[in-house]
Amino acid sequence: MAGILKQPGPFAITPHKVSLCILFKIYAPPSQTSVPFPFTSVSQHNRLGLFLLALTKSCDDIVEPKLDELINQLRLISQDWEASWLIDQLIGRLSSISSPDDLFNFFTDIRGILGAPDSGAVEDDQVILDANSNLGLFLRRCILAFNLLPFEGACHLLTNIGIYSKEEISSCHPYEDTGLDDSSSNLESYSEYENMDLENFVYEKVSEEIEARKEASERVPFHLHTPNALLSLVDDIDVLADSVSKQSGKVRGTSSYEDPQSSMVQDVDPSSAVFLRTNWQIQGYLQEQADIIEKNGSAISLNGFEVILRQLQKLAPELHRVHFLSYLNSLSHDDYIAALENLHCYFDYSAGNEGFDFVPPAGGNSFGRYEIALLCLGMMHFHFGHPKLALEVLTEAVRISQQHSNDTCLAYTLAAISNLLFENGISSTAGILGSSYSPFTSMGISLSVQQQLFVLLRGSLKRAENLKLKRLLASNHLAMAKFDLTHVQRPMLSFGPKSSMKLSTCPVNVSKELRLSSHLISDFSSESSAMTIDGAFSTTWLRDLQKPTGSLVFCQDSGSGSSSNVPQFCAQPTSIPGSVLQVLGSSYILRATAWELYGSTPMSRINAIVHATCFADASSSSDEALAYVKLIQHLAVFKGYKEAFSALKIAEEKFLSISKSQILLLKLQLLHEHALHGGRLKLAQKLCDELGVLASPVTGVDMEIKTEASLRHARTLLAAKQFREAASVAHSLFCMCYKYNLQVENASVLLLLAEIHKKSGNAVLGLPYALASLSFCISFNLDLLKASATLTLAELWLSLGSNHATRALNLVHGAFPMILGHGGLELRSRAYIVEAKCYLFDTNFNVFEDYNLLIDSLKQASEELQLLEFHELAAEAFYLMAMVYDKVGQLEEREEAAISFQKHILALNNPQDHDDPLVSIY
């Protein structure tokens with residue numbers, strides 16, 4: 001591929017950038033108050049703007065295209081007459097620059113393209129570049145780079161422009177008869193300026209000019225990131241600079257290994273230019289091929305794709321994902337030996353390099369990757385359920401990172417420790433955690449695990465912000481949101497003056513952290529972002545590159561012979577790496593969880609739907625499964641079990657049913673709820689046991705599963721009227737949750753203890769538990785659970801006698817807005833039943849006048865409970881209906897209600913598993 005090799009370094013003005021500045025001046029001519037010529041519409045004008053935006057994004061590449069390549073690109077995206085006019089203007093203005101004064105005047109003129117700081121004062125239809133836009137920033141950098149040039153540098157640039165223009169004129173036949181033929185004579189005047197005896201003339205400038213002439217006239221190595229090279233079998237061939245496109249086209253045509261399925265971009269005219277491919281485009285191609293192989297491995301030929309990967313590995317050895325693609329390719333064709341070898345190669349090259357936004361240590365010292373190895377080892381221990389080993393290894397990683405001044409690894413290690421303390425139940429870290437990173441231990445202050453977690457989170461957040469580790473910063477904001485969601489912040493110091501604090505969580509802080517985590521997306525608005533790493537890639541760029549968007553303004557005629565699949569590189573959108581999308585998707589999962597705890601069912605459902613529909617391709621399988629779990633749980637609560645099990649069947653086909661998967665846990669939970677409501681207690685107990693077996697026997701691991709299993713075990717014992725055993729299990733569960741600081745779960749356990757005492761006839765003993773549960777709900781803003789606890793409290797007051805009916809009714813009515821707005825079928829039905837009981841117990845309530853109020857509520861409750869197949873509560877609803885009908889003398893309706901009551905009692909006492917189609921799922 002033809003091109004000019006650019007030496008790495010600061011932004012420097014080059015002939016190619018001068019050409020772009022000329023095109024900028026055509027795109028936005030100064031003092032133009034309408035769509036400039038030759039554009040006939042705003043869409044045509046915007047088309048050129050998108051083309052210029054794509055070119056500016058590739059200006060930091062190591063190779064710059066020559067003038068003939070730029071002209072070929074203009075021909076590809078425009079009609080013949082439009083291309084001729086643009087090319088005439090470009091070459092004419094380049095050839096008119098014949099002296100340093102011309103250069104100075106040119107860069108002075110293009111200042112008029114930029115808008116002033118108060119650009120809002122310009123006319124509405126005036127074409128002007130925003131100085132802070134991508135195009136405006138590029139133009140400002142070019143002007144600044146030229147202003148910093150000494151006179152010798154300006155002469156050097158003038159000579160390069162002459163060489164740059166001469167090469168195009170020598171190979172551009174359509175313009176031989178134009179007025180540009182005298183441009184070759186201008187080289188003499190360029191050389192006069194270049195050979196002037198100037199003061200302080202630097203010898204290196206002469207060397208650079210000689211090298212530029214050599215690069216322009218001699219051969220260039222064929223080692224550039226181009227699809228043509230990737231599809232060829234030529235190794236280390238030196239190709240003449242002006243014939244690369246033709247030779248690469250011939251190679252492509254004669255290659256017998258070419259795989260049409262794996263072509264990175266559709267072929268264009270062989271005589272046309274070969275476009276540069278950016279790092280993200282190559283990464284997107286690799287990800288796209290990985291998706292194809294994982295879906296249908298036979299769609300890719302083994303040998304043809306291996307040839308492409310070997311060529312890509314030679315041209316871009318820093319792309320370690322090539323080894324991973326080789327592993328997938330070999331695995332899909334049952335070549336297990338080659339697959340294992342490629343997997344080892346991928347590990348050897350990528351270990352410690354991918355997944356980290358690495359910032360070099362201060363001073364440039366390099367001590368190897370021992371601390372990163374410790375970090376990975378600790379994360380492995382954490383993944384396999386050994387929290388204490390993980391904590392010991394991560395503490396050692398902190399020490400080594402501090403010794404080696406590796407702030408990046410230290411930030412990641414602190415984040416890993418925070419995640420470990422949050423996810424696993426660790427009651428004490430004494431003797432495990434070091435004191436080197438804790439500002440309190442040096443003062444002799446002992447912190448609880450919760451306080452240590454808060455200190456670690458704040459420390460990791462601050463380090464990530466200082467080091468500009470954007471992905472880690474976003475993840476830390478999510479971790480802070482999870483912490484604020486489930487922990488009440490208390491003062492760190494136990495002495496000294498204390499300001500008054502409200503001991504409750506703050507939903508505003510949770511919302512703030514979630515919003516800050518979403519700001520990560522704005523840091524990837526341009527491809528030149530310094531946060532690009534090899535491990536982060538996206539297929540969005542490549543897919544949008546191959547399909548036109550909007551009207552084709554600069555389009556080829558249908559008879560021009562060009563392919564309709566020419567890549568629309570001028571309409572490239574912002575490419576977002578997959579890891580960034582994954583973090584953004586996780587924020588929506590956390591939003592759904594937060595709204596679920598706070599009691600807003602619609603908001604929880606909306607966020608789960610957003611994640612399932614918008615982030616399915618980029619999110620991890622666990623996050624995607626969790627989104628499905630939340631949606632299926634919503635169906636079970638609001639639509640009944642038939643709808644939920646139908647959706648569960650679809651989810652099981654989509655996700656693998658492995659041990660401790662979210663889908664398997666959900667299946668056991670739904671089956672247990674269904675069995676418990678139907679009175680199948682033996683099946684419910686069996687499901688509880690299976691749920692408990694899924695948890696790891698290691699202390700502190702899988703606390704969520706252990707809590708859920710114990711909670712359901714106690715509920716099963718309660719349904720079997722084994723009150724003493726149920727209370728014992730619930731009490732043990734409360735002690736465990738208190739030990740590991742699971743305060744949100746404690747609210748549910750306390751409510752269960754209140755239910756146990758209520759059903760056992762000890763209402764007085766149940767009141768303290770209900771009040772304590774209410775206190776927890778208020779502290780953690782658990783509004784829906786608070787409404788459920790209020791119903792239990794009302795039932796407890798009601799069981800103390802009819803003189804407490806008014807108080808119980810007020811409690812129910814106070815909880816009604818939350819229950820009717822966000823509660824599910826069971827909670828709403830409970831509320832209707834408790835309200836009816838309060839009215840019937842109230843001596844001041846006239847049943848004969850307002851019996852319709854009771855009947856309507858009880859009918860609504862019975863209908864919803866039959867959807868849930870909750871026989872116990874449904875029987876209670878029909879029993880109350882029969883009582884009301886009996887009091888008002890409607891005997892026929894009373895008998896119908898009594899028959900329904902008897903039906904549900906019989907179903908509860910004599911469950912028939914073979915009659916239930918849902919039991920066959922288990």
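The values are calculated or read from the model by the stated rules, or taken from the named source; none is laboratory data. These numbers come from a predicted model, not from an experiment. Because the Cβ atoms are built from the backbone with ideal geometry, glycine has one as well, and the counts that use them run over all protein chains shown. For accessibility, only protein heavy atoms count, side chains too; no ligands or nucleic acids. Shrake-Rupley method; radii C 1.70, N 1.55, O 1.52, S 1.80 Å.
A few notes on this one:
- Of Lys630/Lys706; Lys468/Lys512; Lys639/Lys739; Lys642/Lys682, pairs whose Cα-Cα distance is over 31 Å: Lys639/Lys739
- Per residue accessible area in Å² of the stretch 810-860, where ligands, DNA and RNA are left out and the probe is 1.4 Å: 45 Å²
- The accessible area of Asp68, taken with all protein chains in place and a 1.4 Å probe, comes to roughly 40 Å².
- Over the stretch 853-904, relative contact order from alpha-carbon pairs under 8 Å, at least 6 apart, %: 35 percent
- Sequence of Ser418, Ser748 from largest to smallest accessible area, 1.4 Å probe: Ser748, Ser418
- Straightening the chain between Gln89 and Leu800 buys 246.5 nm, computed as 0.36 nm per residue apart minus the Cα-Cα spacing.
- The portion of the accessible surface of the stretch 695-753 made up by carbon and sulfur, rounded to a whole percent, is 56 (1.4 Å probe; DNA, RNA and ligands excluded).
- Per-residue SASA entry for Tyr346, accessible area with 1.4 Å probe, Å² rounded to 10: 40 Å²
- Share of carbon and sulfur in the accessible area of the stretch 846-896 stands at 47%, probe radius 1.4 Å.
- The mean sequence distance of close C-alpha pairs (under 8 Å, at least 6 residues apart), as a share of the length of the stretch 689-800, puts its relative contact order at 18 percent.
- Approximate spin-label separation Glu643-His813, in nm, with each point projected 7 Å along Cα-to-Cβ: 3.1 nm
- Using the Cβ-Cβ distance between Asn762 and Asp334 with R0 = 51 Å, the FRET efficiency computed as 1/(1 + (r/R0)^6) comes to roughly 0.15.
- A straight line joining the Cα centroids of the stretch 662-691 and the stretch 137-160 runs 74 Å.
- Taking every protein chain into account, the 1.4 Å probe leaves Ser710 with about 40 Å² of accessible area, to the nearest ten.
- Theoretical gain in end-to-end length, Asp348 to Arg458 [0.36 nm per residue, Cα-Cα removed]: 36.2 nm
- Linear extension gain, Val698 paired with Ala720, 0.36 nm per residue minus alpha-carbon span: 4.9 nm
- Take the Cα radius of gyration of the stretch 690-768 and divide it by 2.2 N^0.38 Å, N being the number of residues; the result is 1.09.
- Surface listing: Ile163, Ile87, Ile778 arranged by accessible area from highest to lowest gives Ile778, Ile163, Ile87, probe 1.4 Å.
- HN-Hα J in Hz across the stretch 869-886 - Karplus 6.51, -1.76, 1.60, θ = phi - 60°, x for Gly and Pro: 6, 8, 5, 5, 5, 5, 4, 5, 5, 5, 5, 5, 4, 4, 5, 5, 4, 5
- Spin-label model distance (nm) - Lys314 vs Ala616, 7 Å beyond Cα toward Cβ: 4.1 nm
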